[in-house]
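Worksheet: the structure to be examined is printed underneath.
The values are calculated or read from the model by the stated rules, or taken from the named source; none is laboratory data. Just so it is clear, the structure is predicted and the values come from calculations on it, not from any experiment. No Cβ is skipped: glycine too gets one built from the backbone with ideal geometry, and neighbour counts run over all protein chains shown. In case anyone asks, the SASA skips ligands and DNA or RNA and just uses the protein heavy atoms, side chains included. Shrake-Rupley method; radii C 1.70, N 1.55, O 1.52, S 1.80 Å.
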Amino acid sequence: MENFSFQNPVKLIMGKGTIASLKDEIPSDKKIMITFGGGSVKKNGVYDQVKAALSGHNTIEFWGIEPNPAIETLRKAIALGKEEKVDFLLAVGGGSVIDGTKLISAGLKYEGDAWDLVLKGASYDCVPLGTVLTLPATGSEMNNGAVISRHETKEKFAFYSKYPVFSILDPEVTYSLPAHQIACGLADTFVHVMEQYLTKTGQSRVMDRWAEGILQTLIEIAPKIRENQQDYTLMSDFMLSATMGLNGFIALGVEQDWATHMIGHELTALHGLTHGETLAMVLPGTMSVLREQKGDKIIQFGERVMGVSSGLRESRINETIKRTEEFFRSLGLRTRLSEAGIGTETIDEIERRFNERHVHFGEDSLVDGATAKKILTQVL
Ligand code: NZQ
Ligand code: ZN
């Protein structure tokens, strides 16, 4: 185990009817800007619950934070927030609304263009932020990360700011999610765990088993959710798995990968694919190309999570990768680039971008442009 220091300050409020607790979580003297996506919250009653809870507060609204939140939209929110002297932000939505609002929270304290902050990678001088989560997937409700896109240049980069002060998770709000978003949320959660787990064996028994527990939970609940997404217990397990998958708890003292995510972000930036689906495409390729470095852990994962417990080393690794891809397909996701009309031109562009940026992703810094090309070619 590596040394670490850990502090996650987010107050998690989970359960039926908890949106009403907003009135006690935000001081009544605050000028609040509530941020939303494209309007799903008006159809499923979340908007009404938020407005009722904050009826005694001073609020303004900002609408239209799109999936894969874009700097072009967020600049408008920052301008409005400055004009209105906003001193508290409430994000109501999925990872995109929460991520976008994290950049707004830093942008409100910054004089220049907020894209500078994205390029810098972090900014911790922020207006406080609370969240009401409507889509289990990103873990953004309990971490300090965000991923911001820029349409003009087709770029998408990670950015770090302060953690939310609180996050409200009512599983009933997920009942209205489209099936594709549920599939992408399950895949995203699965791959978050894999990025923190599928490195080397023997670093921490506790972290390994915690990660395996989340993976097993996802595999168990996924087909049941497809049958009935209005089951409170199932959706609670999904929601908590997503939060626990990326709030730092399963990463204590162990190496992390994140190469699959970095390649996935390029696929979204260039082709607009939904985040979770890009990961379903890339992860089997990462496992296959890095089988030498990750082999022991792939075998452990195969045995403990995927039920692959016999055979020679190579065939166990192959079978485990095959079952991983099958899991994503069972969610209804595409796992091959060609299914999305993506070909070698995109692979070459991603190789070019990685080389230009001199990046080396992954626990052993092995994923540069050339390796990314191999990974993507594997899943063409
Ligand atoms: O915009 P609205 O109308 O609200 O509709 C949204 C959106 O169209 C809809 N939706 C959300 N909750 C709903 C609902 N529809 C019906 N009922 C509900 N309860 O779902 C669509 C997708 O929402 P979005 O927020 O884009 O999805 P997600 O939560 O998967 O977020 C994806 C973004 O998060 C980033 C991704 O890269 C992507 O930009 N990530 C953020 C991370 C982080 N902050 O730590 C880590 C992740 O790896 C990820 O990269
Ligand atoms: Zn993700």
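The residue list THR377, GLY213, GLY17 was ranked by how far each Cα lies along the charge dipole of the chain toward its positive end, using unit charges on Cβ atoms, and GLY17 comes out on top. Residue by residue, segment 265-277 carries 3J(HN,Hα) couplings of 4, 5, 5, 5, 4, 8, 10, x, 5, 5, 3, x, 5 Hz when phi is fed to the Karplus relation 6.51 cos²θ - 1.76 cosθ + 1.60 (θ = phi - 60°); x denotes Gly or Pro. Dipole magnitude for the chain: about 280 debye, using +1 per Lys or Arg Cβ and -1 per Asp or Glu Cβ, origin at the Cα centre. Each Cα pair of the chain feeds into the Kirkwood radius, which the Stokes-Einstein equation turns, at 20 °C and 1.002 mPa s, into a diffusion coefficient of 101 µm²/s.
Between the amide H of PHE88 and those of LYS31, MET33, distances stay under 5 Å, these residues lying 5 or more places away or on another chain, with hydrogens modeled in the peptide plane. Residue pairs exceeding 21 angstrom between C-alpha atoms, taken from LYS120/LYS156; LYS294/LYS373; LYS16/LYS43; LYS154/LYS294; LYS154/LYS373; LYS43/LYS82: LYS154/LYS294; LYS43/LYS82. Derived scalar couplings between HN and Hα for segment 342-352 equal 9, x, 5, 4, 5, 4, 5, 5, 5, 4, 4 Hz in order, rounded to whole Hz, by the Karplus curve 6.51 cos²θ - 1.76 cosθ + 1.60 (θ = phi - 60°), x for Gly and Pro.
Along the axis of the charge dipole computed for the chain (Cβ charges of +1 for Lys and Arg, -1 for Asp and Glu, origin at the Cα centre), the listed residues ALA179, THR35, GLY121 are led at the positive end by ALA179. Note on the chain: with a GNM built from Cα contacts shorter than 10 Å, the maximum mean-square fluctuation among GLY245, GLY38, GLY264 falls on GLY38.
Couplings for segment 72-85, taken from phi via the Karplus curve 6.51 cos²θ - 1.76 cosθ + 1.60 with θ = phi - 60°, read 4, 7, 5, 4, 5, 5, 5, 4, 5, x, 5, 4, 8, 6 Hz in order; Gly and Pro are left as x. Counting only residues at least eight positions apart within a chain, or on another chain, the aspartates and glutamates with an alpha carbon under 13 Å from that of LYS30 are GLU84, ASP87. With a ≥ b ≥ c taken as the square roots of the eigenvalues of the C-alpha gyration tensor of segment 166-219, please select rounded if a/c is under 1.5 and otherwise prolate if a/b is larger than b/c or oblate if it is not? Since a/c reaches 1.5 and a/b is larger than b/c, the shape of segment 166-219 is classed as prolate. Using only alpha carbon pairs under 8 Å that are at least six residues apart, calculate the relative contact order of segment 178-378 and give it in whole percent. The normalised contact order for segment 178-378 reaches 26 percent. As a length-normalised measure over Cα pairs under 8 Å and 6 or more apart, the relative contact order of segment 26-128 settles at 31 percent. For a test of the definition: using alpha carbon positions, the gyration tensor, and the 1.5 limit on a/c, classify segment 228-380 as rounded, prolate or oblate. Rounded, because the longest to shortest axis ratio a/c is under 1.5. Among 151-159, 94-102, sorting by the average number of other beta carbon atoms lying within 10 angstrom of each residue, highest first, gives 94-102, 151-159. Estimated at 0.36 nm per residue, the fully extended path between THR153 and ASP348 surpasses their Cα-Cα distance by 68.5 nm. In a reduced charge model with +1 at each Lys and Arg Cβ and -1 at each Asp and Glu Cβ, segment 178-378 shows a dipole moment near 320 debye about its Cα centre. Measuring nothing but protein heavy atoms, the accessible surface of segment 64-173 at 1.4 Å probe radius is 54 percent carbon and sulfur. Within a straight-line Cα-Cα reach of under 14 Å, LYS23 can be paired with the following aspartates and glutamates, leaving aside sequence neighbours fewer than 8 residues apart in one chain: ASP48.
Rounded, prolate or oblate: pick one for segment 132-194, where a ≥ b ≥ c are the square roots of the eigenvalues of its C-alpha gyration tensor, a/c under 1.5 means rounded, and failing that, prolate if a/b is larger than b/c, else oblate. It is oblate, given that a/c is not under 1.5 and a/b is not larger than b/c. When the helices of the chain are scored as -39500 (n - 2.57) per DSSP H run of n ≥ 4 and the total is divided over every residue, the value at 222 nm lands at -15500 deg cm²/dmol.
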